[in-house]
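Written below as structure tokens is the structure these notes are about.
The values are calculated or read from the model by the stated rules, or taken from the named source; none is laboratory data. For clarity, every value in this text was computed on a predicted model and none was experimentally measured. When we count neighbours, we look across all protein chains shown, and the Cβ atoms used for this are built from the backbone with ideal geometry, even at glycine. We work out accessible area using only protein heavy atoms, side chains counted, and drop any ligands, DNA or RNA first. Shrake-Rupley method; radii C 1.70, N 1.55, O 1.52, S 1.80 Å.
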Amino acid sequence: MQSSMRLNRVFARRIVATTFRPFSPRTLSSGGSGGFNGEGSVSDRVGLPEEATDQRDKDGMTSNIGHYDVAIVGGGMVGMALACALSSMPLTKNLTIAIIDSNPALGSKGIFKQDGVPDPRVSTVTPATISFFQEIGAWKYVQQHRHAYFDKMQVWDYTGLGFTKYCAKEVDKDILGCVVENKVLHRSLFASFQDTDIQKTIYPARLTSMAFESPDSSTVADSQPPNEQGISSGSAYPRDTSRKQHHECLAKLDLDDGSSLFAKLVVGADGAKSCVRETAGLKTTGWSYPQSAIICTVEHNVENSCAWQRFLPSGPIALLPMGDRYSNIVWTMSPNESTDHKLMSEDDFVRAVNHALDYGYGPHPQSTFLGLPSDRFTWITGWGASSVSEYFEVPPKVVKVASERMAFPLSLMHAHNYASRRVVLMGDAAHTVHPLAGQGVNLGFGDASSLSKVIAEGIMTGRDIGELSLLKKYEKDRMTANIAMMALIDGFQKAFSVDVGPINLLRAAAFHGAQYIKPLKRNIISYAMGEQKWPLFS
């Protein structure tokens with residue numbers, strides 16, 4: 001808890017190779033399959049300078065410098081979610097959008113094999129995220145591919161002193177979440193984006209620099225990537241300009257294929273090593289955990305329909321249902337252990353997984369606390385949960401490793417600010433968290449939902465969508481929610497990294513409280529599902 005409070009205080013103080021034709025970005029037609037369709041990007045609908053409304057050359061292709069309302073740097077899941085949200089809202093569907101991403105797979109029409117082995121890169125999406133996907137028209141595409149709902153989750157400690165089991169029915173819901181391959185989420189978002197009439201262009205390139213210019217004047221301020229000490233060589237704001245001149249300045253983005261574009265708003269959705277964040281000079285706080293995570297797909301003899309998580313001395317291991325007797329493993333351990341587990345034989349790895357999930361490290365938890373049976377504990381608290389009769393279950397046994405094993409280091413990072421003039425961050429560009437709660441991508445989708453609504457509010461009130469005071473509304477909304485979740489997750493990571501008698505008893509008390517105190521349990525479930533902003537009673 002001290003770690004959580006410290007993290008909260010730290011953040012609170014900071015709140016005050018496919019080749020494409022050069023100079024010819026891909027313009028997506030409505031409902032089409034992509035490709036060069038000759039449509040220019042006309043931006044006069046929301047008040048861009050008149051000179052910006054005709055940028056087509058003799059062949060009907062967009063010219064070297066295009067003009068857009070929103071330029072999204074990063075076409076991954078979170079960036080594409082924002083694009084879908086803007087495309088689906090009445091107030092924002094007339095915007096012009098550019099997506100800048102050098103990934104050659106963006107927009108490819110690969111075929112998913114429904115009966116193939118699930119990819120190990122998955123996300124556990126909450127009911128709040130599912131509702132967001134339904135609003136922007138993407139969930140219907142997810143449903144066409146493999147996904148696995150779950151309505152139960154069991155969490156327990158290796159000491160055998162405590163466990164808790166969460167059921168959707170305890171909050172009158174059908175599900176707690178859904179496990180979906182990242183490629184399915186991304187393809188579904190892209191398909192939904194294609195189905196809209198919004199003017200959209202994809203630039204298959206990387207951002208190299210960002211400046212602030214008037215389309216018909218010289219550069220006012222230039223932002224370059226920071227040096228080795230992390231200090232930006234330029235400011236993200238115009239230097240000593242009048243208010244009128246400042247208002248007319250747009251963000252000018254230069255790309256590594258030689259093309260450039262202007263935008264009223266630049267969205268950094270380009271991941272933890274965000275180029276937008278660096279070029280805008282937005283600083284971060286964070287640290288690396290002494291842990292890495294192994295992920296892979298495993299197979300059982302029976303189908304798994306529950307999400308399981310056990311806290312071990314070196315870190316948690318999660319077993320997430322993927323349907324068709326497949327599950328996803330996310331196993332946190334020391335970097336040396338992750339290397340060993342990645343290289344060990346399949347049989348040895350299967351034994352290690354079953355040892356970690358079942359009979360290793362300690363006994364199975366009992367429905368008692370300090371020798372008191374569960375019904376006695378319920379009588380003491382006075383708040384009996386409907387699950388007092390539920391007992392600890394053993395996870396299904398893993399029989400096979402069905403995919404490659406991947407390892408990656410774990411860290412926490414948070415930007416001091418999400419917004420500056422004409423620039424805003426979202427997703428991993430603004431925050432990264434430990435994967436133990438599976439909340440990282442859900443925080444990013446929450447960012448996309450919030451930012452799209454703030455942009456819509458700006459249009460409704462006739463404001464410049466790149467205006468800092470408007471973007472600060474998004475920052476305030478999301479920074480509050482994200483810091484609360486990050487502090488909670490970091491606190492869990494620290495608390496379960498200690499193997500000391502008194503701490504173990506406190507963890508056991510917390511498990512039993514979460515299991516048998518009904519109001520607390522309902523609150524925890526609702527918060528994890530994304531239905532409320534605060535982790536404690538609200």
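Inspect all residues belonging to segment 398-411 and state whether any of them is part of a loop (DSSP other than H, G, I, E, B) and either over 30 Å from Asn336 (Cβ atoms) or open to solvent by less than 20 Å² (accessible area, probe 1.4 Å) (or both). No, segment 398-411 contains no residue that is part of a loop (DSSP other than H, G, I, E, B) and either over 30 Å from Asn336 (Cβ atoms) or open to solvent by less than 20 Å² (accessible area, probe 1.4 Å) (or both). Residues that are open to solvent by less than 50 Å² (accessible area, probe 1.4 Å) and either at pLDDT 90 or above or touching a Phe, Trp or Tyr at 6+ places or on another chain (Cβ under 7 Å) (or both) are absent from segment 222-236 altogether.
For segment 124-182, please list each of the strands (runs of 3 or more DSSP E) lying entirely inside it that holds at least 3 residues being in contact with a Pro (Cβ under 7 Å, 6 or more places away or on another chain) and open to solvent by 50 Å² or more (accessible area, probe 1.4 Å).
none
The residues listed here are Cys178, Cys167; of these, the one that is within 19 Å of the chain's Cα centre (by Cα) and closer than 28 Å to Gln493 by Cα is Cys178. Within segment 304-333, the set of residues being closer than 30 Å to Val184 by Cα and not in a strand (DSSP E or B) comprises Asn304, Ser305, Asp324, Arg325.
Being crowded, with 20+ Cβ neighbours inside 10 Å and polar (S, T, N, Q) narrows it down to one residue among Ser327, Ser305, Ser345, Ser288; which is it? After applying the criteria, what remains is Ser327. Checked across segment 275-285, the condition of being touching a His at 6+ places or on another chain (Cβ under 8 Å) and either assigned to a strand (DSSP E or B) or of a type in the set (Asp, Glu) (or both) holds for at least one residue.
Would you check if Pro104 is modelled with pLDDT of 95 or more, part of a loop (DSSP other than H, G, I, E, B) and of a type outside the set (A, V, I, L, M)? So Pro104 does not fit the description; no. Within segment 119-135, residues that are within 21 Å of Ala293 (Cα to Cα) reach partners that are charged (D, E, K, R) and in a helix (DSSP H, G or I) with beta carbons closer than 8 Å, at six or more positions or on different chains, in the pairs Asp119/Lys183; Arg121/Lys183.
Can you tell me which residue within segment 413-432, out of those that are touching a helix residue (DSSP H, G or I) at 6+ places or on another chain (Cβ under 6 Å) and surrounded by fewer than 24 Cβ atoms within 10 Å (Cβ to Cβ), is farthest from Phe212 (Cα to Cα)? Out of the qualifying residues, it is His414. Of everything in segment 476-498 that is among the hydrophobic types (A, V, I, L, M, F, W, C) and modelled with pLDDT under 85, the residue that is farthest from Thr332 (Cα to Cα) is Leu488.
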